[in-house]
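Colleague: One structure, as structure tokens, below. Some questions next.
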Amino acid sequence: MKDKKWLIAITVCILILAYLFIGFAHYSGKAGSIVKELQGHPDEGEHRYHIVLIEQERYHPYWEMVEKGAEQAAKNYGIDIEFTGPVRNNMEEQLSLMEKAIAARVDAIIVQGLNDENFTPVINKAVKRGIPVITIDTDAPRSKRLAYVGTDNVAAGERLGKLVVETSGGSGNIGVIIGSELAENQLQRLEGLKKVVEQHQHLQIVDVRTSNISHMEAIQQAANMLRMHPKINIMVGTSATDALGVLQAARSLKINDLTIIGFDNQKEMLAAIRRGEIKATVAQQPYLMGSTAVRLVYEHFQGKALRSEYFTGVKVLDRTNAQEGESL
């Protein structure tokens, strides 16, 4: 009888231990699934890539369009994408965010290669650690980046120059506001502009100043330039905020006979073109840049060989077709 009681007790203990083991195994599996989801790789039997797009400036209308294109493409290809960038244009913060993305071991990085000299070592570091990098909007051609997606900025600058010639008849004094003297894309646009202007002896660039991608600074720099050089009758901006800053400065100074040529397709820019306050703009295609960059990341993951450069093209918008800029 005593032996029978022991046998029953041992059987009960075994059943309790088995129940606890099964419960623990179930909990461990559930916890593992949760961890995978937090890492961006849900337990769906299929690996979901996690990529990061590092912008020049968060919440800027231009980069918001890049985001929309990238987000739609990521959704189409089943990729998890994260957007980050400084709130105000800051190259050091961009580099810091790239270092963080490398440390997090993301699957790929899309980044504006703002300055080749500074970005090349960090891009190469990512590639060395097995993280492919695509540059967007601005290239770092001497780096080991996978590909560049964006505007041919020298050609875009030349298109600005042709607009100046077309609207001025090949004669006039030009003031230029560029977004940054450190950003390669801005310097390339200025290079292309100068190349065309130099072909016309009655056209000259009187002054070049920097807005630091700031609307307020664009207003201030344009106002100072127009006060110092009253003979300027043409103003050109090479970043999205510059022409609007020039327009505001001209209003403040009550200058009415100024030809303003801009860059990109902000809503305010298009409205000013329709009112005849800004003559024309050279518009990029930020939505296409974002979607193309994500598509190329996906194709790389699928083993497809990529070209070195993918130019997304520009479009001249004036009073006759300004509405088309809303969909670029």
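Bear in mind these aren't lab numbers, they're just calculated from the coordinates by the rules spelled out. In this text the structure is predicted, and so the values were computed from the model without any measurement. Here the Cβ positions follow ideal geometry from the backbone for every residue, glycine too, while neighbour counts run over all protein chains shown.
Colleague: Please turn the phi angles of the stretch 205-212 into ³J(HN,Hα) values with the Karplus equation 6.51 cos²θ - 1.76 cosθ + 1.60 (θ = phi - 60°), one per residue in order, whole Hz, x for glycine and proline.
Modeller: 8, 7, 7, 10, 9, 10, 9, 6
Colleague: What are the residues whose amide H is under 5 Å from the amide H of VAL316, where those residues sit 5 or more places off or on another chain and H is modelled from the backbone?
Modeller: Those lying under 5 Å, H to H, from VAL316 are ALA283.
Colleague: Quick one: 3J(HN,Hα) in Hz for the stretch 72-83, Karplus 6.51/-1.76/1.60 with θ = phi - 60°, rounded, Gly and Pro as x.
Modeller: 5, 5, 4, 5, 5, 9, x, 10, 8, 10, 10, 10
Colleague: Name the long-range amide H neighbours of GLU82: under 5 Å, sequence gap of 5 or more, or other chain; modelled H, no Pro or chain starts.
Modeller: ILE51, VAL52, LEU53
Colleague: Now a separate question. Among MET289, MET216, MET65, determine the one that fluctuates most according to a GNM of the chain built with springs between C-alpha atoms less than 10 Å apart.
Modeller: MET216
Colleague: Give the residue list of GluC sites (Glu not before Pro) in the stretch 146-213 that are DSSP loop and have at most 11 other beta-carbon atoms within 10 angstrom.
Modeller: Taking the stretch 146-213 and a limit of 11 other Cβ atoms within 10 Å, no loop GluC sites (Glu not before Pro) are found.
Colleague: Counting Lys +1, Arg +1, Asp -1, Glu -1, what net charge surrounds VAL164 among other residues with beta carbon under 14 Å of its beta carbon?
Modeller: Summing Lys/Arg as +1 and Asp/Glu as -1 gives +2.
Colleague: Let me ask another. Show me, for the stretch 294-302, the HN-Hα J-couplings you get by feeding each phi into the Karplus relation (A = 6.51, B = -1.76, C = 1.60, θ = phi - 60°), rounded to Hz, glycine and proline as x.
Modeller: With coefficients 6.51, -1.76 and 1.60, one gets 5, 4, 5, 4, 4, 5, 4, 4, 7 Hz.
Colleague: Let me ask something else. I need the shape label for the stretch 81-212. Rule: rounded when a/c is under 1.5, else prolate if a/b > b/c, else oblate, with a, b, c from the alpha carbon gyration tensor.
Modeller: prolate
Colleague: Could you tell me which trypsin sites (Lys or Arg not before Pro) in the stretch 228-328 are loop residues by DSSP with no more than 12 other beta carbons within 10 angstrom of their beta carbon?
Modeller: Within the stretch 228-328, the qualifying trypsin sites (Lys or Arg not before Pro) (loop, at most 12 other Cβ atoms within 10 Å) are LYS231, LYS254, ARG275, LYS304, ARG307, ARG319.
Colleague: Let me ask something additional. Just how many pairs of Lys in the stretch 153-283 have C-alpha atoms closer than 27 Å, counting pairs that are eight or more places apart or on different chains?
Modeller: 14
Colleague: For the chain, what is the calculated [θ] at 222 nm in deg cm²/dmol (nearest 500), taking -39500 (n - 2.57) for each run of four or more DSSP H residues and dividing by its residue count?
Modeller: That calculation yields -16000 deg cm²/dmol at 222 nm.
Colleague: Still on this structure, I have one more. For the chain, count all C-alpha to C-alpha pairs, find those more than 27 Å apart, and express that count as a whole percent of the total.
Modeller: Here the tail beyond 27 Å accounts for 51 percent of pairs.
Colleague: While we're here: Please identify, among ARG129, ARG159, ARG48, the residue showing maximal mean-square fluctuation in a Gaussian network model of the chain using a 10 angstrom Cα cutoff.
Modeller: Comparing ARG129, ARG159, ARG48 in a Gaussian network model of the chain, the most mobile one is ARG129.
Colleague: I've got another one for you. Among DSSP beta bridges whose residues both lie in the chain, state the antiparallel percentage, nearest 5.
Modeller: Counting only bridges with both partners in the chain, antiparallel ones make up about 10 percent.
Colleague: Please list, in chain and number order, the residues 5+ apart from ILE260 or on another chain whose amide H is under 5 Å from its amide H, with Hs placed from the backbone.
Modeller: Answer set, sorted by chain and number: MET235, LYS279.
Colleague: Given the options PRO61, PRO230, PRO121, which has the most mean-square fluctuation in a GNM of the chain, springs set between C-alpha atoms less than 10 angstrom apart?
Modeller: Maximum fluctuation in the GNM of the chain, among the listed residues, is at PRO230.
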